[in-house]
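Novice: Sharing a structure, written as structure tokens. Questions coming.
The values are calculated or read from the model by the stated rules, or taken from the named source; none is laboratory data. Please read these numbers as outputs of a predicted model, since none were measured by experiment. Glycine gets a Cβ as well: all are built from the backbone with ideal geometry, and neighbour counts include every protein chain shown.
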Amino acid sequence: MTILVTGGAGFIGSNFVLDWLAKSDETVVNLDKLSYAGNLQNLSSLEKDSRHLFVKGDIGDATLVAELLVRHQPRAIVNFAAESHVDRSIHGPGEFVQNNIVGTYQLLESVRSYWSPLPAPAKSNFRFLHVSTDEVFGSLDKSAPAFTERHAIEPNSPYSASKAASDHLVRAWHHTYGLPVLTTHCSNNYGPYHFPEKLIPLVIVNALAGKTLPVYGDGQQIRDWLYVKDHCSAIARVLEAGQVGTTYNIGGWNEKANLDIVRNICSLLDTLKPRSDGKPYQDQIAFVTDRPGHDRRYAIDARKIEQELGWKPAESFETGIAKTVQWYLSNQDWVANVQSGAYRDWVQTQYGAPAAEEASPVAA
Ligand code: NAD
Ligand code: TYD
């Protein structure tokens, strides 16, 4: 048996592939176009593993995808491939429309051509699992209940709008053509192999490099954090037992304000890798201009997946963040390698300062 994973060289996709092959002998065909966020170094432990077949290519390449499907006859597809960074979507929404919306449409059409003539029971057993985000639900007021699967879809950023559009296409391909789909909406992930443009890895990497720790606006925006390996186990569980044509919210009931996250990382680093001048890492915090249209709060109600599928996260935020900080301390080579030219250009665009900028401490 074989599964096709798309976007499997990115942050969550590579963790998924590694975890999948640690638990199963089922071959993974991994299709990834290796954008700036795709990194084959994440999968270097699988270099000689015949159960992992990496293919560099775009989900929108119908000829390539058709050929892969016919050759490998996967029983399931897990679609991680997407542009994923909100700030980048604000600077350049076109890539998000192309990869997340048009790309998903083209992938769905390629999959439909492969799936339609499959004989029973391969046809009914087939699954297309689409990995989406809680950001499609928009922003919550402070006291509003967490997002359930029935919450209105109210995306606010070009990123979340593009993900919502792709979710709608996936839903329509089920209702119109009968494609056996599953969609998951997960909260913010963190953990190993997280590209240091997102809050948690950026703060760890900048802190260690003596750079500023940029907090947007007042830092009181709330995100609901889940350790990436818990997201991966939830996806595997939904693939195994999820009800076709439905959606599952995935989260770990870990709402935290951004400033608290940054302070938490600083105090872990104070213990694990104290600054040479003996000062606290919090001195590096700098409040910077807020993100346009910044969503104030996300929170996931994970009762459906817990009750229907018996899934629960293995990590608390405290254990997950400690593992994550330790991983970055132990994998400085990985960090150095991803901080290539493309990454440095992005830092310049977003923060308007050279990547090698020194810390300019601002009281937190
Ligand atoms: P990422 O940016 O780290 O990785 C995305 C991967 O997809 C990269 O390897 C990239 O090369 C690949 N890719 C992009 N467009 C492609 C295309 N057209 N064809 C083939 N490959 C392509 O993203 P991530 O954080 O790992 O997120 C993976 C998925 O999970 C995304 O769909 C994202 O919306 C969703 N998600 C992410 C989070 C999070 O906190 N990071 C939370 C919930 C859901
Ligand atoms: P991010 O990791 O980009 O994820 P998302 O926007 O998908 O939630 O950002 C997490 C939160 O941290 C978000 O509220 C924006 C904020 N943030 C900062 O305050 N400073 C930063 O430098 C970054 C990248 C994010």
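Novice: Looking only at the range 37-54, decide whether some residue is assigned to a loop (DSSP other than H, G, I, E, B), within 16 Å of ligand 2 (Cβ to nearest atom) and at negative phi.
Specialist: Yes; the residues of the range 37-54 include at least one that is assigned to a loop (DSSP other than H, G, I, E, B), within 16 Å of ligand 2 (Cβ to nearest atom) and at negative phi.
Novice: Just the residues that are surrounded by fewer than 20 Cβ atoms within 10 Å (Cβ to Cβ) and farther than 20 Å from VAL111 by Cβ, please, taken from the range 1-37.
Specialist: ASP19, LEU21, ALA22, LYS23, SER24, ASP25, LEU34, SER35, TYR36
Novice: Contact list please: Cβ distance under 8 Å, first residue in the range 29-56 and farther than 25 Å from GLU95 by Cα, second residue part of a loop (DSSP other than H, G, I, E, B) and more than 9 Å from ligand 1 (Cβ to nearest atom), pairs at least six apart or on different chains.
Specialist: If the second residue must be part of a loop (DSSP other than H, G, I, E, B) and more than 9 Å from ligand 1 (Cβ to nearest atom), the pairs left are ARG51/ASP25; ARG51/GLU26.
Novice: Return yes when LEU34 is within 16 Å of GLY8 (Cβ to Cβ), away from ligand 2 (no atom under 16 Å from the Cβ), modelled with pLDDT under 95 and among the aliphatic types (A, V, I, L, M) and no when it is not.
Specialist: yes
Novice: Determine whether the range 308-319 contains at least one residue that is charged (D, E, K, R), within 27 Å of ILE235 (Cβ to Cβ) and touching a residue at least 60 places away in the same chain (Cβ under 8 Å).
Specialist: yes
Novice: Okay, next question. Please count how many residues of the range 177-236 are part of a helix (DSSP H, G or I) and either aliphatic (A, V, I, L, M) or within 14 Å of ligand 1 (Cβ to nearest atom) (or both).
Specialist: Total satisfying the criteria: 17.
Novice: What are the residue pairs meeting all of these: first residue in the range 199-226, first residue on the phi > 0 side of the Ramachandran plot, second residue hydroxyl-bearing (Ser, Thr, Tyr) and more than 9 Å from ligand 2 (Cβ to nearest atom), Cβ atoms under 8 Å, and 6 or more apart or on different chains?
Specialist: Partner pairs satisfying both residue conditions: GLY217/THR289.
Novice: Show the residue pairs meeting these rules: Cβ distance below 8 Å; 6+ apart or different chains; first residue within the range 79-95 and in contact (Cβ under 8 Å) with a residue 60 or more places away in the chain; second residue part of a loop (DSSP other than H, G, I, E, B) and among the basic types (Lys, Arg).
Specialist: Hits for this filter: ALA81/LYS33; HIS85/LYS198; VAL86/ARG291; ASP87/ARG291; ILE90/ARG291.
Novice: Does VAL111 meet the test of being surrounded by 14 or more Cβ atoms within 10 Å (Cβ to Cβ), of a type outside the set (S, T, N, Q) and away from ligand 2 (no atom under 16 Å from the Cβ)?
Specialist: Yes.
Novice: Ok, one more. In the range 131-147, is there at least one residue being surrounded by fewer than 19 Cβ atoms within 10 Å (Cβ to Cβ) and closer than 24 Å to THR176 by Cβ?
Specialist: no
Novice: Among the residues of the range 1-36, write down those that are part of a strand (DSSP E or B) and closer than 19 Å to SER132 by Cβ.
Specialist: Hits for the range 1-36 are ILE3, LEU4, VAL5, THR6, LEU31, ASP32.
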